[in-house]
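Computed from the coordinates by the stated procedures, all read-outs in this text should not be read as laboratory data. What you are looking at is a predicted structure, and each value in this text was computed from that prediction instead of being measured. Every residue, glycine as well, gets a Cβ built from its backbone with ideal geometry; the counts of neighbours run over all protein chains shown.
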Amino acid sequence: MHKTWKTVPAALLTVISVLVSAQAAPPNPGQAAALPDLVSAPFIIIAGKNVSWGTGASVEAHQARTAAGGVCEFPVQHNVRNMGKAASGPFQTTFSAGTPAGSFSRQWPSIGPGQTNTQTDILRLRSGSNTLVLHIDPNNQVRESNKSNNQYRATIQVNGKCEPGKGARR
C-alpha cells in the first residue's frame, strides 16, 4: 500500500501550532484569571451637551423630544468600554433619575477586551433638578476585575415646563 503525502500550507501550520500550544500550556497557579472591567466613558451626551460624570448641566424643556404631564423625554448617548482582559458577556445598564418616570434599563451584548459600545436611549426627566445615575451591570451578571467603577452620577437641571405645547419638539 502506497501513501501519498500532501503539503500543508505554512499558515495552517501556524494556526495549528498556536492552538496546540494554548491547549497544552497549563495555567499559571499564581496568576489571576483574565476578567473584564466595564466602565462608562467620562461623559454622556444629553440634548446635544457633553455632561461629565460627577458634574451637572442645564437643558431646556423645549429641547426635549416630547413632553407631557411634567415629564420631558431626552435622548442620551452613552458609551461602555471594557478595560479588562476578557470579553464581558451580555450585561445590563440601568439609568435612573430619582423618579419611576426616569428609570430605563438596557441589555447590552458582550464587549471584547479594549472595545467600546455606544447606545442612545430615551430618558424621562422632570422639570427642575434630576440626579441621573448610571449603573453598569446592576444584576452582577459579569464577573469583573473591578466592580467599584460601575456607578456614575450627574445632575441634570431641566429648565421650563415639560408640557405639550411649551416648545418641546414633536
Sites Gln77 and Ala32 - FRET efficiency at Förster radius 35 Å, r taken between beta-carbons, to 0.05: 0.55
Karplus (6.51, -1.76, 1.60) ³J(HN,Hα), θ = phi - 60°, over segment 129-134, in Hz, Gly and Pro reported as x: 8, 10, 8, 8, 10, 10
Residue-wise HN-Hα coupling along segment 157-162, computed from phi with Karplus coefficients 6.51, -1.76, 1.60 (Hz; x: Gly, Pro): 9, 9, 8, x, 9, 8
Charge dipole of segment 103-170 about the Cα centre (unit charges at C-beta), most positive-ward option of Val158, Asn139, Trp108: Val158
Stretch gain in nm, segment Glu163-Thr94, where the contour uses 0.36 nm per residue and the Cα spacing is subtracted: 22.3 nm
Calculated from backbone phi, Karplus (6.51, -1.76, 1.60) coupling profile of segment 136-150 in Hz, x at Gly/Pro: 8, 6, x, 9, 6, 6, 10, 7, 10, 6, 8, 8, 6, 10, 9
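So for segment 49-166, what percent of the C-alpha to C-alpha distances run longer than 19 Å?
Values: 3294 of 6903 pairs.
When every Cα pair of segment 49-166 is considered, 48 percent fall beyond 19 Å.
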